[in-house]
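Working notes, structure below.
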Amino acid sequence: MAVLKADAYGHGASILAPVAQEAGVVSLGVGDSTEALELRRAGVRTPILVLGALVPSEIPFVVASGITPVIHSTGRLAELEEEARRQGRVLSVHLKVDTGMARLGMGAGKVPGAARVIARSPWLRLEGLMSHLAGSGPEGRTHNREQVRCFTRLLEDLSRDGLRPPQVHLRNSAGLLDGQLRVPGETLARAGAALYGFMPDGPPTPELRPVLSVKTQIVFLKDVEPESRVGYGGAFAAARPTRLAVVPLGYDDGVPPGLARAGEVLVRGRRARVAGAVSMDYTTIDITDIPGAEVGDEVTFIGAQDRDRITVFDVARLAGIPPYAVVCGLGRRVVRVPAGEKVAAG
């Protein structure tokens, strides 16, 4: 399953859904029904699983669109069954069990009862059983293995009662990248961060290739004298005659404010420091040591220039946030362009 929630982790779900389809994924995972309906309207016909919780107002649209919901509690079963009956449709569902994340999902003891309710209903079909790994990094692997044991016991109980669904999934990117983690009976895995080329909890590895670059251009140049203060709060003070460049990318576009402390970008293949506070619409950089830089030059926040590269992990580390927050924070003004295509004017 290709997980495209949060607009494909900020990359553009409508762009990447067809790519996932061509690559042969079994299904797509999204965060809520709005994301699922947007993909349906974009012509995506691949099965879509809504991983998040539903509220009552969403249920008629989910049933009508042939989207598969995840059931986190027994309370939603009756509402979904009634709506499926009203529309005359058989609705496939997945049950989510909480094996240790303590977020969404029902306790293991409630799953067999919910599965029986679904098995007796002419309007519901139990298509899958899932859970979510909470462990992150090497220190989380022990906890992940405890979750696998809980999940496996439940799957065995369901199998004995003839209630085992055809799709069984537990591993996410962290689980997939843990070469020693095995889930007996698993038929499906949910790839998220790994699809986009970054590790969920650490620096990049040679096995993963970054998918996204974030680029802008210099729109204004300014020379300032020593001791000149730059930007909101005057946090940056020029220590020498300094050439500044202004780029039209700010925190509304996804530049983390934390980059004001130590952020770097690439200009003409060389590193330039962020100078002062990140604004809503603009960021100022120090290009004093990049001779010849001029208005119109490409500026890379994430990606490669010449022989240097700034990764999502680099930005996250310097900004003091997780890698997920970097890519998911990319704003609507940032145009998503498939590799090889040109940015359309306007």
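Quick notes
- Here the stretch 165-179 is the region considered, the condition is being in contact (Cβ under 8 Å) with a residue 24 or more places away in the chain, part of a loop (DSSP other than H, G, I, E, B) and not acidic (Asp, Glu), and the residue that is nearest to GLU207 (Cα to Cα) is ASN172.
- Taken together, ARG89, ARG116 contain a single residue that is assigned by TED's automatic domain parsing to the domain that holds VAL168 and either of a type in the set (S, T, N, Q) or closer than 19 Å to SER33 by Cα (or both), which is ARG89.
- Close pairs from the stretch 290-305: first at positive phi, partner part of a strand (DSSP E or B), Cβ under 9 Å, at least 6 apart: GLY296/GLN217; GLY303/VAL214; GLY303/LYS215; GLY303/LEU266; GLY303/ARG309; GLY303/ILE310
- Some residue of the stretch 215-232 being touching a Ser or Thr at 6+ places or on another chain (Cβ under 7 Å), free of Cβ contacts under 8 Å to residues at least 40 places away in the same chain, surrounded by 13 or more Cβ atoms within 10 Å (Cβ to Cβ) and not in a loop (DSSP other than H, G, I, E, B): yes
- With respect to (1) surrounded by 14 or more Cβ atoms within 10 Å (Cβ to Cβ); (2) at pLDDT below 95, the lone exception for LEU129 is condition (2).
- Test result for VAL327, part of a loop (DSSP other than H, G, I, E, B), touching a Leu at 6+ places or on another chain (Cβ under 7 Å), surrounded by 16 or more Cβ atoms within 10 Å (Cβ to Cβ) and of a type outside the set (Asp, Glu): no
- Of all the residues in the stretch 181-195, those that are free of Cβ contacts under 8 Å to residues at least 24 places away in the same chain and surrounded by fewer than 16 Cβ atoms within 10 Å (Cβ to Cβ) number 1.
- Pairing each residue of the stretch 260-278 that is at pLDDT below 95 and of a type in the set (Val, Ile, Thr) with any residue that is in a loop (DSSP other than H, G, I, E, B) and surrounded by fewer than 20 Cβ atoms within 10 Å (Cβ to Cβ), provided the two are 6+ apart or on different chains, yields no C-beta distance under 8 Å.
- When the stretch 85-98 is filtered for residues that are buried (at least 16 other Cβ atoms within 10 Å of the Cβ) and either under 25 Å from PRO60 (Cα atoms) or at pLDDT below 95 (or both), the ones remaining, listed by number, are ARG85, LEU91, SER92, VAL93, HIS94, LEU95, LYS96, VAL97.
- Restricting the stretch 13-43 to residues that are in a loop (DSSP other than H, G, I, E, B) and in contact with a Leu (Cβ under 7 Å, 6 or more places away or on another chain), the residue that is surrounded by the fewest Cβ atoms within 10 Å (Cβ to Cβ) is VAL26.
- Residue within the stretch 1-24 that is in contact (Cβ under 8 Å) with a residue 40 or more places away in the chain and basic (Lys, Arg) present: yes
- Test: PRO204 is part of a loop (DSSP other than H, G, I, E, B), of a type outside the set (A, V, I, L, M, F, W, C) and either assigned by TED's automatic domain parsing to the domain that holds THR283 or over 26 Å from the mean Cα position of the chain (by Cα) (or both): no
- Filtering the stretch 119-176 to residues that are under 26 Å from TYR324 (Cα atoms) and among the polar types (S, T, N, Q) leaves SER131, SER136, THR142, ASN144, GLN147, ASN172, SER173.
The values are calculated or read from the model by the stated rules, or taken from the named source; none is laboratory data. Predicted model only: the values in this text are computed from it and were never measured. Ideal geometry is used to build each Cβ from the backbone, glycine not excepted, and the neighbour counts take in all protein chains shown.
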